[in-house]
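Below is one structure, written out as structure tokens, with a few remarks after it.
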Amino acid sequence: MKNNIAIAGSLTFLNLSEVFQLLGSNASTGILRIISRYEENPGIIYFLNGNPVDAVCGSLSGLDALFPLFGWTDGDYEFSLEPVEKKIQIRKNRMEVILEGLKMLDEGMIDRHNPITYRSKKISTNRKSSADLPLIKGPLVDYMYVADEEDYQDGEIIIQQGKHGDWSWVVLSGIVEIQKETPKGPIPFLRVGTGSFIGNIAAYQIKNTVRAYSAVSVGEVQLGVLDSQRLSQENAKFSHGLSRVVISLDKRYKQCSNRLADQLIKKKQSDDIIKEKEPIIKQGENKEDAFLIDEGTAFICRKTDKGNILLARLEDGDFIGKIPFLNLGHEPFSASVYASDDLKFKSLNLDDLQKEYDHLSTTVKNMIENISAIISTITTMLSE
């Protein structure tokens with residue numbers, strides 16, 4: 001398979017989490033092979049559409065083989081594009097795997113293969129000590145959709161939470177910190193880098209949207225202003241189903257980030273609303289269906305060691321279930337869906353939805369993929 005090698009390099013230059021993001025942002029299918037002078041056996045990770053589905057290292061397989069590989073900070077990797085016909089052993093998406101692997105590494109649950117000092121990954125409200133926040137990068141920038149470029153210096157506000165705005169940007173270089181405004185001041189919870197997007201993905205479906213977060217430059221940042229007219233024209237051609245999925249996706253982002261902000265300032269959260277209810281989609285089930293809500297309310301909840309965490313409250317027009325091109329870390333594999341007594345919904349045609357998605361422009365697909373990765377990251381942070 002040597003002729004199929006797409007990327008190769010050293011883990012001292014790109015660590016495993018960065019390699020994961022690179023493969024994920026391009027929805028890559030193939031095999032990642034890792035070797036280390038400290039290990040007799042190589043690590044082998046199988047990817048399907050950008051997500052790990054199995055791993056092998058010596059006698060270990062699945063997550064038992066995958067997580068220890070985050071400790072291989074001194075080694076080499078190569079990724080070959082090839083068909084993967086493995087039974088899916090790993091149900092977590094890549095952002096869940098990345099965050100859990102880095103957490104295990106930071107807490108000493110994984111052996112390090114290189115004596116490097118790592119800083120704590122605890123979230124802080126101090127911008128100077130927030131460099132360890134999760135950093136999400138995107139794929140190569142499609143300059144066909146970049147209408148202009150803007151430069152920002154350290155600490156400049158790019159967008160302000162609560163303000164109206166329809167513009168969106170893609171990060172060309174540098175890092176942007178995403179913050180939530182709270183009664184206790186701005187709380188940074190995430191950072192985005194090259195290839196990631198800033199703005200509201202639903203803004204091209206619903207005009208005069210309100211910014212759900214603030215974005216602040218970290219050091220020197222160059223942004224590409226996206227061509228709003230072009231994106232609006234493409235969004236106007238969306239089917240009703242895809243349009244509702246995009247709007248609902250943006251809603252999940254807002255609600256999950258609001259929940260995280262409340263958690264970070266220790267605001268009391270009550271999830272009593274799902275007590276004594278049975279889920280209509282149970283966490284861990286391998287269901288392939290998705291639906292649009294016609295009436296009533298659905299509650300997306302993740303079960304953790306400390307009980308259920310409410311992630312989102314969805315209503316008329318929102319989707320529930322598994323959308324084939326979304327990896328949110330929500331239902332069905334990583335969350336349950338509870339329903340109000342009056343919930344009514346209708347099935348989505350997933351084959352048609354997938355075909356429509358496949359014909360979208362690279363930029364729109366990248367925007368959808370980017371917000372999916374962010375929702376997955378926020379959900380994992382909530383669970384911790």
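A few notes on this one:
- Candidate set from the stretch 199-215 (those that are β-branched (Val, Ile, Thr) and either surrounded by 21 or more Cβ atoms within 10 Å (Cβ to Cβ) or in a loop (DSSP other than H, G, I, E, B) (or both)); member that is modelled with the highest pLDDT: 201
- Restricting the stretch 41-84 to residues that are more than 23 Å from residue 111 (Cβ to Cβ) and polar (S, T, N, Q), the residue that is surrounded by the most Cβ atoms within 10 Å (Cβ to Cβ) is 51.
- Any hit, the stretch 266-275, residues being out of contact with any helix residue (DSSP H, G or I) (no Cβ under 8 Å at 6 or more places or on another chain) and at pLDDT 95 or above: no
- The stretch 198-216 residues that are within 19 Å of residue 234 (Cβ to Cβ), paired with ones that are hydroxyl-bearing (Ser, Thr, Tyr) and at pLDDT below 85 (beta carbon under 8 Å, 6 or more apart): 200/209; 202/209; 203/209
- Filter pass, residue 160 being among the polar types (S, T, N, Q) and either under 25 Å from the mean Cα position of the chain (by Cα) or outside the structural domain of residue 213 (by TED's automatic domain parsing) (or both): yes
- The stretch 342-384, subset charged (D, E, K, R) and in contact with a Leu (Cβ under 6 Å, 6 or more places away or on another chain), residue farthest from residue 190 (Cα to Cα): 346
- Residue 229, sole failed condition from (1) assigned to a helix (DSSP H, G or I); (2) surrounded by fewer than 20 Cβ atoms within 10 Å (Cβ to Cβ); (3) within 19 Å of the chain's Cα centre (by Cα): (3)
- Test: residue in the stretch 316-334 that is more than 30 Å from residue 143 (Cα to Cα), hydroxyl-bearing (Ser, Thr, Tyr), surrounded by 21 or more Cβ atoms within 10 Å (Cβ to Cβ) and not assigned by TED's automatic domain parsing to the domain that holds residue 197: yes
- Filtering the stretch 362-384 to residues that are of a type outside the set (Lys, Arg) and more than 8 Å from the chain's Cα centre (by Cα) leaves 362, 363, 364, 366, 367, 368, 379, 380, 381, 382, 383, 384.
- Residue 131 being farther than 20 Å from residue 249 by Cα and modelled with pLDDT of 90 or more: no
The values are calculated or read from the model by the stated rules, or taken from the named source; none is laboratory data. Because the structure is a prediction, the values reported are computed rather than measured. Neighbour counts are summed over all protein chains in view; Cβ atoms, including those assigned to glycine, are modelled from backbone coordinates with ideal geometry.
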